[in-house]
Amino acid sequence: GKVEKRLYSILESEGALYFVLVDPEDRNISQILEKVEEYADAVIVGGSIGVSNLDEITREIKKIVKDIPVILFPGNIDGLTPYADAVFFMSLMNSNNTYWTTLAPTLGALIIKRYSLEPIPMAYLGVEPVRKTAVGFVGEVNEIPQRKPEIAAMYCLSARYFGMRWAYLEAGSGAECPVSDEMIKVSKELSGINIIVGGGIRTPEVAYRKIVSGADAVVTGTVVEGNPSIMEGIWSAVKKAGREKLR
Ligand code: 1GP
């Protein structure tokens, strides 16, 4: 697909990606959208506690954001709209409920086809302290302990063998601490899959370390919602780490 190819070409030339997550329920996204094309590689749109008027919001986003892709990050099948460019086609692999591992994506697949959205196949993995956040609660996650990085690595390898091209290590939106550097490192080393890390990343320094440890992409949501101007610093840190990895 076009969007995924573009992500690969940025990875090749810049070594790392930065995604900004916008919550469609956040009424205050205009300040983020004004600057996002300058400081992010994609806007991702989603939330785990239900969305209303996603069509309208996504059309608004697309009116402002023209140079970078808008990728859906659906919390459920109501997180789909034809007005985005692509969708993370996700299995919440470590959920205790088969609805989240396979049924929700199966129900969503037909809608994705009808909407002509580009699917980007991704394993979605909930890591401690995700159970304390909305996605862990809603998704009935059997969370991966931070002290057991090799479990995350095994899931990433499994995802790769299933043919997925991306794995998202998720500590949960607003998590008190992000996925550890060690977990990212062993996951990348064992699996080689493209790794996205999100949840609880609040500073450029932390974003930098996640990329240097082996993440291919960093996602921030909460911190940008509270302070849109932080995007610039996180963007610079991610790109600096990316350049260092390419050397
Ligand atoms: C949530 O990983 C994302 O799905 C972003 O988390 O809101 O903590 O940045 P934050």
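The values are calculated or read from the model by the stated rules, or taken from the named source; none is laboratory data. From a predicted model like this one, the values you see are computed outputs, not experimental measurements. All Cβ positions, glycine included, derive from the backbone under ideal geometry; neighbour counts span all protein chains shown. Side chains are part of the model used for accessible areas, which takes the heavy atoms of the whole protein and leaves out ligands, DNA and RNA. Shrake-Rupley method; radii C 1.70, N 1.55, O 1.52, S 1.80 Å.
The table below lists the values:
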quantity	calculated
In segment 54-89, trypsin sites (Lys or Arg not before Pro) in a DSSP loop with at most 16 other beta-carbon atoms within 10 Å	K66
Semi-axis lengths (Å, descending) of the ellipsoid that matches the C-alpha gyration tensor of segment 114-246	21, 18, 16
Whole-Å semi-axes of segment 28-129's equivalent ellipsoid (Cα gyration tensor)	24, 15, 12
Accessible surface, segment 2-246, averaged per residue in Å² (probe 1.4 Å)	44
Label point distance in nm, E34-T203, each placed 7 Å from Cα along Cα→Cβ	2.7
Low-density loop positions, trypsin sites (Lys or Arg not before Pro), segment 139-172 - DSSP coil, at most 14 other Cβ in 10 Å	R147
Positive-end residue of C156, G199, V127, charge dipole of the chain with Cβ unit charges	C156
Share of alpha-carbon pairs per 10 Å distance bin for segment 94-192, given as whole %	16, 44, 32, 7, 0
Members of K63/K185; K62/K210; K63/K188 lying beyond 32 Å, as alpha-carbon distances in this model show	K63/K185; K63/K188
Net dipole in debye of segment 2-246 [+1 Lys, Arg Cβ; -1 Asp, Glu Cβ; about Cα centre; nearest 20]	480
Within segment 146-241: Cβ-based charge dipole about Cα centre, in debye rounded to nearest 20 (Lys, Arg +1; Asp, Glu -1)	240
Segment 45-202, accessible surface, carbon-and-sulfur percent (1.4 angstrom probe)	55
Relative contact order %, the chain, counting alpha carbon pairs below 8 Å whose residues are six or more apart	20
3J(HN,Hα) from dihedral phi, segment 220-228, Karplus parametrisation 6.51/-1.76/1.60, rounded to Hz, x for glycine, proline	10, x, 3, 5, 6, 4, x, 8, x
Between segment 88-106 and segment 155-219, the Cα center-to-center distance that results, in Å	19
Hull shadow area, averaged, segment 2-246 [alpha-carbon convex hull, nm²]	11.1
Segment 93-100 - phi-based ³J(HN,Hα) in whole Hz, Karplus 6.51/-1.76/1.60, Gly and Pro as x	4, 9, 8, 7, 10, 5, 4, 7
